[in-house]
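The values are calculated or read from the model by the stated rules, or taken from the named source; none is laboratory data. Quick caveat, the model's predicted, so the values are computed rather than measured. Using ideal geometry, Cβ is built from the backbone for each residue, glycine included, and neighbour counts are taken over all protein chains shown.
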Amino acid sequence: MRGDDEREVQLQGGTTNHGRVVRVGDTVRRPLRPSSPATHALLEHLERVGFPGAPRFLGIDDHGREVLSYVPGTAVTPPHPSWALTDEALVSVAHLLRDYHRAVAGLDPRPHPWPASPPPDFAGELVSHNDVNLDNVVFRGGRAVALIDFDLASPGSRVWDVACAVRLWAPLRPDRHIDDARRGRALRRLRLFADAYGLEDGDRDRLAAAVRANHEWCYDVVTTAAANGHAAFARYWWAGGASRRAADTHQWYLESAGLLRDALS
């Protein structure tokens with residue numbers, strides 16, 4: 001019989017590997033992917049440079065799963081707690097992302113088999129996380145302390161990651177699709193995130209275009225997976241109403257590009 005430190009406990013959150021990520025003691029076990037060697041090289045780099053805000057890669061277990069260190073804290077999963085939607089939490093996410101970019105800047109991505117990179121206009125600067133969703137950020141004491149789930153990480157850019165994060169955390173979408181305390185505050189939170197990150201003027205000028213491109217890129221990942229038979233993504237896209245929200249948000253980006261740029265100036 002397994003002891004308590006060997007019992008597998010399924011972890012909540014995530015869509016790609018839904019139901020397949022478990023905690024065993026102080027470790028997390030996840031399925032391997034064709035790009036896993038790249039992810040492991042990224043995590044090993046972050047460990048070497050002393051970045052504390054990511055899991056450590058510990059090896060492969062007897063079941064062929066990657067073994068990562070467990071990051072203590074709380075990931076923001078539905079129903080989203082009110083503290084995670086505050087401006088203070090938003091600022092801490094911006095600071096964490098800035099610190100990650102500083103830590104990863106010295107990694108040479110060329111030897112590794114990465115997933116698909118962002119569009120060429122937003123790729124090649126550094127290895128971006130590419131999925132700074134709410135449930136991929138770990139908090140302790142109301143402050144963001146770690147990024148998890150680096151499955152989509154690939155050569156991208158700072159502005160691309162900022163676009164991904166602020167699109168989801170502000171959030172940048174029509175108010176009718178925001179049903180919490182952030183409603184009516186998206187543009188102010190966009191400016192707050194960019195300021196807290198310290199986004200440079202050139203990237204501020206590109207951020208509105210990056211947000212729209214990131215929205216299209218991310219939903220291409222979702223629809224491709226759904227079309228290829230991924231049940232969780234298919235449920236999310238069709239039964240979960242994501243297809244309608246995505247279309248509404250795309251139109252909002254077209255109509256609101258000037259508002260996004262003005263909010264950042």
request  = Please find, among ASP108, ASP61, ASP121, ASP87, the residue that is more than 19 Å from the chain's Cα centre (by Cα), closer than 19 Å to ALA163 by Cα and modelled with pLDDT of 95 or more.
outcome  = ASP121
ask   = Given ARG158, ARG140, which one is at pLDDT 95 or above and more than 23 Å from LEU264 (Cα to Cα)?
value = ARG140
inquiry  = of a type in the set (Val, Ile, Thr) and surrounded by 18 or more Cβ atoms within 10 Å (Cβ to Cβ): which single residue out of VAL49, VAL71 fits that description?
reply    = VAL71
message = Only one of SER82, SER117, SER69, SER128 is hydroxyl-bearing (Ser, Thr, Tyr) and closer than 17 Å to PRO171 by Cβ. Can you tell me which?
response = SER82
message = When you scan the stretch 128-149, do you find a residue that is surrounded by fewer than 20 Cβ atoms within 10 Å (Cβ to Cβ), in contact with a helix residue (DSSP H, G or I) (Cβ under 9 Å, 6 or more places away or on another chain) and among the acidic types (Asp, Glu), even just one?
response = no
task = Quick one: count up the residues across the stretch 153-175 that are out of contact with any strand residue (DSSP E or B) (no Cβ under 7 Å at 6 or more places or on another chain), surrounded by fewer than 24 Cβ atoms within 10 Å (Cβ to Cβ) and assigned to a loop (DSSP other than H, G, I, E, B).
result = 4
query = Is there a residue being surrounded by fewer than 13 Cβ atoms within 10 Å (Cβ to Cβ), more than 24 Å from PRO111 (Cα to Cα) and either modelled with pLDDT under 95 or among the hydroxyl-bearing types (Ser, Thr, Tyr) (or both) anywhere in the stretch 14-34?
reply = yes
